[in-house]
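> After the structure tokens below, expect a handful of questions from me.
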Amino acid sequence: METITLTYRAESEKNGFSVGCLDWTAVFSQGATVAECKKNMIEVTEMFLELLTNKELSKEQYPVIKKHIANPYTFQLTFDIKKAKHVPESKIKFNSKIKSISNIAAIL
């Protein structure tokens, strides 16, 4: 299983939280709580990964993996690239994580 780990940041708003992917600017959502934001981001990211695996995104729309400074509103989620599905932390094999997005083209 080839995986990618993306970093997200939730920002407090008047009516809940907005959340965006720091590695993939097109991926964003909102929710009443940070937990709801995580759930929403899993759905949105799976949709974008499906577009990616179906080659419906241009290379300019690929995520760009960066190092981020953690804060209380920052969280990471891992996805199976080929299946375009979220991978729970308990299922992650750390040696199979992709360190660079340049490997995605070779996987697809």
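The values are calculated or read from the model by the stated rules, or taken from the named source; none is laboratory data. Because the structure is a prediction, the values reported are computed rather than measured. No Cβ is skipped: glycine too gets one built from the backbone with ideal geometry, and neighbour counts run over all protein chains shown.
> Quick check on the stretch 18-48: of everything there that is more than 13 Å from the chain's Cα centre (by Cα) and polar (S, T, N, Q), which residue is surrounded by the fewest Cβ atoms within 10 Å (Cβ to Cβ)?
T33
> Still on this model: Which of the following residues is at negative phi, at pLDDT 75 or above and over 11 Å from the mean Cα position of the chain (by Cα): L77, L52?
L52
> For the stretch 48-82, which residues satisfy the criterion of being in contact (Cβ under 8 Å) with a residue 60 or more places away in the chain and of a type outside the set (V, I, T)?
Scanning the stretch 48-82 gives H68, N71, Y73, F75, Q76, L77, F79, D80, K82.
> For the stretch 28-46, name all the residues that are free of Cβ contacts under 8 Å to residues at least 12 places away in the same chain and not charged (D, E, K, R).
A35 - this is the single residue of the stretch 28-46 that is free of Cβ contacts under 8 Å to residues at least 12 places away in the same chain and not charged (D, E, K, R).
> For K91, are the conditions met, namely being over 14 Å from the mean Cα position of the chain (by Cα) and under 14 Å from I4 (Cα atoms)?
When the stated conditions are applied, K91 passes them.
> Still on this structure: What is the residue count in the stretch 40-88 for residues that are of a type in the set (D, E) and under 14 Å from T7 (Cβ atoms)?
Of the residues in the stretch 40-88, 0 are of a type in the set (D, E) and under 14 Å from T7 (Cβ atoms).
> Still on this structure, I have one more. Give the residues of the stretch 49-78 that are among the small types (G, A, S) and either surrounded by 13 or more Cβ atoms within 10 Å (Cβ to Cβ) or within 13 Å of R9 (Cα to Cα) (or both), sorted by residue number.
Initial filter on the stretch 49-78 (among the small types (G, A, S)): 58, 70.
Residue satisfying the conditions is A70 alone.
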